[in-house]
Structures are given as C-alpha cells and as structure tokens.
Amino acid sequence: MKETPLSNCERRFLLRAIEEKKRLDGRQTYDYRNIKISFGTDYGCCIVELGKTRVLGQVSCELVSPKLSRATEGILFFNLELSQMAAPAFEPGRQSDLLVKLNRLLERCLRNSKCIDTESLCVVAGEKVWQIRVDLHLLNHDGNIIDAASIAAIVALCHFRRPDVSVQGDEVTLYTLEERDPVPLSIHHMPICVSFAFFQQGTYLLVDPNEREERVMDGLLVIAMNKHREICTIQSSGGIMLLKDQVLRCSKIAGVKVAEITELIQKALANDQKVRKEGGKFGFAESIANQRITAFRMEKAPIDTSDVEEKAEEIISEAEPPSEVVSKPVLWTPGTAQIGEGIENSWGDLEDSEKEAEDEGGSDEAIILDSIKMDTGKVSNIGSQDAPIVLSDSEEEEMIILEPDKNPKKIRTQTVSATQVKAPSKKPVKKRKKKRAAN
C-alpha cells in the first residue's frame, strides 16, 4: 500500500508554521518529544516510546563458531523490522530502501563505534564465541525511527544478561539462571543518534521531526554521539548542501541532547535493577498506567461531609420561595380540558342527566349481560347445524364467527340479527325504573 501524499494545503501550512518557528505539537525548534522506557520480565527486552513512535527491542545470544579473520572476538548482529502494524505503507517480506538505510546506520552507530567489548564475548579462541543478536520491531511510526531504534538498541544491550560459562579443558559448561547469576555485557559507551531536519535548502532547522515534518523536509542530518561528545557517525541525506557552521551547530545541540538521554537511560536501568532486587513487580504490565488498563474504573475521591447541613441551610435561605399562585387551565376550544398536578379541574360539574346515567349503569349491566348470554346461546344453536364456531370476547354486540368457507357478508347479517334480538330487551328495563321512581 502506497503512502498517502500530503495535499498542497497541508504542505503550505506546515512550511508556513516552520517559518514562524511553530510546530504542530507545540514544541520549540530544538525540543525532543517525551521519551519513555519500559522493561519486560526477561533481561534484554524493552520498549522505547519517542512521542507516538514505539520500538520494541529484544536481545538474544547463542554460542557459535567465530569468524576466521577474528577468532577471539564475538559477533554482533542487528536487525530492524518495519511491520504493517506500524504504518500501512510498510510492505511485509520486502526490504525497502528505508529499511536498508536504517540497518546500515545502526550497524555503523553501534558495531563500528566499538561500544561493546567483543573480545569479552570469546569463550574458547577459535572455537566458541557468543553471538549477540539485537532484534528491533517498529510498533508505531510517527517519525524519527532511527533515534528511537538507536535508544532501544543500546537500552536493550545494557539491560541484557548472558548466561555464565566455565571451561575445563575441552569441556564448556553453560549454567542456567538458577545455577549462577547471569553476566552483563561489557559496554564502553552509549552512542545515541540525533536527527536534524532541514527545510528550504537549510534555512530552517528542526530537532526530532515527526512524521508530517519528515514529508516536507528537504534534507536530514543524523549525528551519532556519546555523552563524552565523541562523534561515532554522521550521515546526511536529501541532497542538500550544508555549511561547516551548520554542522558544528548541530553537533553542539546533539551533545546536549545525548547527555540528557543518557542520564534518562541510566535512571531507568537503575530503577529496574532496584525493583528486581527488592522483589517488587516488574514488566510491561506494571509500566502501563491503571487508567489505560481499566479506563472506566476511577478511584473514589474523598468527600468532606462535615458541614453539609450548614451549606444546605445557606442554599435554602438564599433561594427564592416557591410561588403560591395556582396556574389556571387553558381551554383552547369548548369541549376540551386540562388536567395536571397543581392545576384545577376544568371539566366542571357533572349534569343531572349524567349523574342519573352513572347510577343506573350498575343495574343495566346485569340485565344486558343476561340478554347477551341468551342471544349467544341462540346463535350457537342455530349455527350448530352448519358446524361454525361463534366466539364472543367482549360485552358489546360484536361477534366473531370462524367460517373459512363462507363469505364475510353472512357474518355481518348475523351480527345485525344479534343486535336486533338485544334491542327489545332494553325497553322493559326503562319501565321498571320509572315504576321504582314513582314508588
């Protein structure tokens, strides 16, 4: 997958911000992003975060035969991998030009600078030596891969411990971690790469460029230096012409940054060693903040409830008293009403005819129910000849007849006949009421 190019608007915006000495993440021109170092449970495993750029470093070792030209020296091997997890533009199983350039730069920075005593890795001259392999995996890409990779490589080498070995005659005995304490590597100095991005043919300079700044830069200068201000390697890319004063200025800035990063690395190594000796918890899981593991679980903050009553009385005294006026209902049209809490009933008084209808409702229901039962019995007897099923599930005159083979018109006629049967049953009821009222 090809990398998505920047639009012209984004490019002009970035260059305009750099001309005004402003950066998108709020840093100054010579500021580094925050560096975080965390160690795994095994020796030689670490993760270095440079802003959002994350690199995993892992060191391993094995006994191999030495090279014929250097029979008394151990072997160092560095391997950097750019996975698609870091950025979609990286293709798996293919070495891009960027990957080849980064691997060569790491080898010149760490191997050619003699930062590790390779002669101390010799077990039997000409027969057995230690091969130290440093594997670096880019977990997330947000610019300046070489700086994060160089820090991860030197931190992993300083943190690594190899098994102890003893030689008796021709026998080589390899001890486990339980039998003997592992042995650290002999490291002379810690070379660290510092990257400088140039814009508009060297007119503007930035330290530690991020991913978007790398897209619009004209050239890149990488200086590898240790805390003693010894330059290990220098590489310039991009085809820009730099003056001598610019290179000297960059070397002075690199000396300050390398001293700060070296101090940070030494503190991280000392803290991890202290935790391991005291038997505390260590590893990647312990280095992750609790809020990132359980985002929805927050610690309860203590609340002082000693003067709650006083504050409540103050709030009540300062508050306005409730209004005693009862709102009147609004009648939009005649025949409507409004009912609610705190509102008067707008239906008005019931009329005398409505009251009488309510009183008579109880006696009418019993007589009407008897008439409905009689009517349903007659209908069911009549329909038994043709075997229909008549259902009545309400007190009204509606009848449901299940007749799949007959038309719905016959159902209507039967319901009408049922109402006709019920109609005369109401007349004697009214006469009885009048007689009772007369008595």
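The values are calculated or read from the model by the stated rules, or taken from the named source; none is laboratory data. Quantities reported herein were computed from a predicted structural model and do not represent experimental measurements. All Cβ positions, glycine included, derive from the backbone under ideal geometry; neighbour counts span all protein chains shown. Just so you know, the surface numbers come from the protein's heavy atoms only, side chains and all, with ligands and any DNA or RNA stripped out. Shrake-Rupley method; radii C 1.70, N 1.55, O 1.52, S 1.80 Å.
The fraction of accessible area contributed by carbon and sulfur in segment 11-69 is 49 percent, rounded to a whole number (1.4 Å probe; ligands and nucleic acids excluded). Of the heavy-atom accessible surface of segment 145-261 (probe 1.4 angstrom), what whole percent is carbon and sulfur? Exposed carbon and sulfur together represent 49 percent of the surface.
Computed on protein heavy atoms with a 1.4 Å probe, the accessible areas place Lys101, Lys252, Lys2, Lys267 in the order Lys2, Lys252, Lys267, Lys101, largest first. Per residue, segment 23-130 exposes an accessible area of 52 Å² to a 1.4 Å probe, with every protein chain left in place. Each Lys or Arg adds one and each Asp or Glu takes one away; over the other residues whose Cβ falls under 13 Å from the Cβ of Gln273, this sums to +2.
Where in segment 104-144 does the label zone of Ser83 land, with the point 7 angstrom along Cα→C-beta and an amide N cut-off under 18 Å? So the set is 134-143. Ranking Leu106, Ala17, Ile116 by how far each Cα lies toward the positive end of the dipole of segment 1-121 (charges on Cβ) leaves Ala17 at the top.
Annotation for segment 114-175: trypsin sites (Lys or Arg not before Pro) lying in DSSP loop with at most 15 further Cβ atoms inside 10 Å of their Cβ are Lys114. If the chain linking Glu313 and Asp218 were pulled fully straight, counting 0.36 nm for each residue of separation and taking away their Cα-Cα distance, it would gain 27.3 nm.
Could you sort out which of Lys227/Lys274; Lys36/Lys227; Lys2/Lys101; Lys36/Lys281; Lys114/Lys274; Lys227/Lys267 sit more than 21 Å apart by Cα distance in this structure? Walk me through the numbers on the way to the answer.
Details: Lys227/Lys274 24 Å; Lys36/Lys227 19 Å; Lys2/Lys101 19 Å; Lys36/Lys281 18 Å; Lys114/Lys274 28 Å; Lys227/Lys267 15 Å.
Result: Lys227/Lys274; Lys114/Lys274 exceed 21 Å.
Shown in residue order for segment 43-58 are the 3J(HN,Hα) couplings computed by the Karplus curve 6.51 cos²θ - 1.76 cosθ + 1.60 at θ = phi - 60°: 6, x, 10, 8, 10, 10, 10, 10, x, 9, 7, 10, 10, 9, x, 9 Hz (x for Gly and Pro).
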